[in-house]
Amino acid sequence: MKEMRVLLQNQGKENMSDAAVYIENGGYEGLKKALEMEGWDVIQTLKDAGLRGRGGAGFPSWLKLKFAYDTQSEDKYIVCNADEGEPGTNKDRVLLSCDPHSILEGMAIAGKAVGARKGYIYLRAEYPQIVPIITHAIETAKQAGALGENIFGSGFEFQISIRSGAGAYVCGEETALFESIEGRRGEPRFRPPYPGIQGLFGKPTVLNNVETLANMSHILRNGVEWYQNIGTPTSHGTKLFTVIGNVAQRGVYEFPMGINLKELIFDVCGGVADGKGLLAVQTGGASGAIINPFQIDIPLDIDHISASGGRLGCGTIFVIDDSNCVLDIVRNNIEFFSHESCGKCVPCREGTRRMYDLIQKICAGNGTVKDMLTIRDLAETVRSSALCGLGHSSVVPVISAMDNFPEVFESHLDGDYCEKCHMQRRVMKHG
Amino acid sequence: MKQEIYSHTTSQSALVRVAEISARYRNRPDKLMDVILAVQKVVPSMAEDVAAVIAREMGLMQNEVYSFITFYGLLSVKEKGKYIIRMCNNAPCHVRGARAVMDAISDTLKIGVGETTQDRRFTVELCPCLGICDVSPAIMINDKTYGNLTYDSTQALIKRYIREDV
Ligand SMILES: Cc1cc2nc3c(=O)[nH]c(=O)nc-3n(C[C@H](O)[C@H](O)[C@H](O)COP(=O)(O)O)c2cc1C
Ligand code: SF4
Ligand code: FES
């Protein structure tokens, strides 16, 4: 099966952070078209194209733009979420390194659509090598007239600055990200007000994932019809998938939405590494569902995966071989959430900790049926009452594993020896 | 506890540099992150005296600076070694042998997670995903990342740092 390279079309080409090279490759044509359109028509184009967010939730992108468009504020902001914190996700790093201008262009298009003159890229601190790439891209884009005060002579002004994260997963959540840029602890805000009305610095803000913004450039450049013909009826376009874990050929791949998960793992990525068997697959990073090998014959589009209890999310496919134990993976996941919980709300701060303790107890062979019921009870509380998506999604791996792998939990409850859980018992403690 | 983490006294010359960096962004709280990231490069620890200077020069309250620093995983008020080794312990690294890498680090440096060597050159920490799972197991040493590690290659890598061959 061949990849379909739209977002990654410039991967491997040299000097892609030079605006001139990007322009030679057809770049900034989408922005030029947007500059000749009314803001609303740009939004209408994205609506017709059916673009949905690539950062996690799959929310219709045009609607977020509309919220900000409808406000009267003088100052509005476009924010690019380059925090890429979801464990197992590499795609934004790859996209930012190989085609930074496609993201700048998308930001400027979004800015034109809603009438924003300022954009921020919130980049995680773990990607220091990306800073010079984006900085150079911004500078050369200004020289080429594609960013700055009077873009391509249209009178439209758009400036972009980079802001750094500092190692907090929760800062990928939109309101926490705003807090962080404003110079505070990255704790999510209560909603309403929604970011489209009151976001960064209290102004209407549109926040999008790196990949979503790049899609905007390509939609404006190539048109609605072209875009609609890629993917499935409800999820259009291509998607970047990060396939990692115990898979033979790890990496970031681009395919039309709706590619079959099983084919992606076995035909494209060469199956499980080292001739081992497949134990389980987790889609959507640590906040995604863990499923059985017999459940992987499914198309990867936003709605299919949600219907099966998981999330396509950022497109992360984590392959787990049969030398592992599902419970050990769940423990690793919930430890991550417990560690990254910002502590603002009790259900998540305490709930993730208690779930971790109970999973740990079951791993150690000391669990009881009552502990299982307590986990479900806790999970329901956290899911329904946590303030932000971190809390909500922390229960997904736990509950999906309990539902899909009941026999694994049972054997640990019975106290059967598990080499993996036993061996790892000591190691994975946070400092 | 406060004694331990806040006991560090920063040299006057370092504090002057901290003041220079912070004074550029007076009343720009949104620049706090940039200031702290820059300051962290010139002081051994984000101690109380450093936070006080940043707060004074930027027009913030000292507790705002402190609470900011203590929130983020890559910032710290503790004194750290010259090289901070961050070991990813999320699942994609875990299933590719993160444990062997951890063992190699602690066997070579004779310290565990959260500890700093006596000569103050190395600190070992665990961290969440570094975004390079395509080459897991992975670690980050200061600003550099290393992937596809094994016990032996990790040991060789750490030894290069010990010899300052980097
Ligand atoms: C805890 C948490 C972490 C998140 N991390 C990221 C992230 O690293 N990158 C990202 O694009 N979105 C992340 N999101 C989703 C964002 O909040 C937001 O929905 C997304 O960036 C919107 O962009 P999109 O509409 O283009 O998908 C995170 C959400 C939560 C709750
Ligand atoms: S759900 Fe968790 S991460 Fe989100 S605000 Fe509450 S404590 Fe913080
Ligand atoms: S899980 Fe270790 S680098 Fe991503």
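The values are calculated or read from the model by the stated rules, or taken from the named source; none is laboratory data. Everything numeric in this text was worked out from a predicted model, so none of it was measured. Here the Cβ positions follow ideal geometry from the backbone for every residue, glycine too, while neighbour counts run over all protein chains shown. These accessible areas exclude ligands, DNA and RNA; they are computed on the full protein's heavy atoms, side chains included. Shrake-Rupley method; radii C 1.70, N 1.55, O 1.52, S 1.80 Å.
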Flag for A:Leu200 being within 14 Å of chain B (Cβ to nearest Cβ) and touching a helix residue (DSSP H, G or I) at 6+ places or on another chain (Cβ under 6 Å) = yes
note = By residue number, the members of the range A:151-176 that are farther than 22 Å from B:Val77 by Cα, touching a strand residue (DSSP E or B) at 6+ places or on another chain (Cβ under 7 Å) and within 12 Å of ligand 1 (Cβ to nearest atom) are A:Gly172, A:Glu174
ask   = Would you say A:Phe156 is in a helix (DSSP H, G or I), in contact (Cβ under 8 Å) with a residue 60 or more places away in the chain and either closer than 24 Å to A:Arg184 by Cα or more than 10 Å from chain B (Cβ to nearest Cβ) (or both)?
value = no
Number of positions in the range B:51-87 that are more than 9 Å from every other protein chain (Cβ to nearest Cβ) and not aliphatic (A, V, I, L, M) = 13
key: Yes/no for A:Thr212 being open to solvent by less than 20 Å² (accessible area, probe 1.4 Å), in contact with a strand residue (DSSP E or B) (Cβ under 6 Å, 6 or more places away or on another chain) and not in a loop (DSSP other than H, G, I, E, B)   = no
ask   = Mind checking which pairs have a first residue in the range A:362-382 that is away from chain B (no Cβ under 14 Å) and a second that is away from ligand 1 (no atom under 16 Å from the Cβ) and of a type in the set (Lys, Arg), Cβ under 6 Å, 6 or more apart or different chains?
value = A:Gly367/A:Lys361; A:Leu378/A:Arg354
inquiry  = Just to verify a result, which residue in the range B:104-159, among those that are closer than 17 Å to A:Gly85 by Cα and assigned to a helix (DSSP H, G or I), is farthest from the other protein chains (Cβ to nearest Cβ)?
reply    = B:Val135
remark   = Among helices (runs of 4 or more DSSP H) entirely inside the range A:322-397, those with 3 or more residues being touching a Ser or Thr at 6+ places or on another chain (Cβ under 8 Å) are A:326-340, A:346-363
key: For A:Cys98: the one exception among (1) within 30 Å of B:Pro137 (Cα to Cα); (2) touching a helix residue (DSSP H, G or I) at 6+ places or on another chain (Cβ under 7 Å); (3) at pLDDT 95 or above   = (2)
query = Does the range A:171-182 contain at least one residue that is away from ligand 2 (no atom under 16 Å from the Cβ) and either within 13 Å of chain B (Cβ to nearest Cβ) or open to solvent by 20 Å² or more (accessible area, probe 1.4 Å) (or both)?
reply = yes
message = Within the range B:106-126, does at least one residue satisfy the condition of being in contact (Cβ under 8 Å) with a residue 60 or more places away in the chain, more than 16 Å from ligand 1 (Cβ to nearest atom) and open to solvent by less than 50 Å² (accessible area, probe 1.4 Å)?
response = no
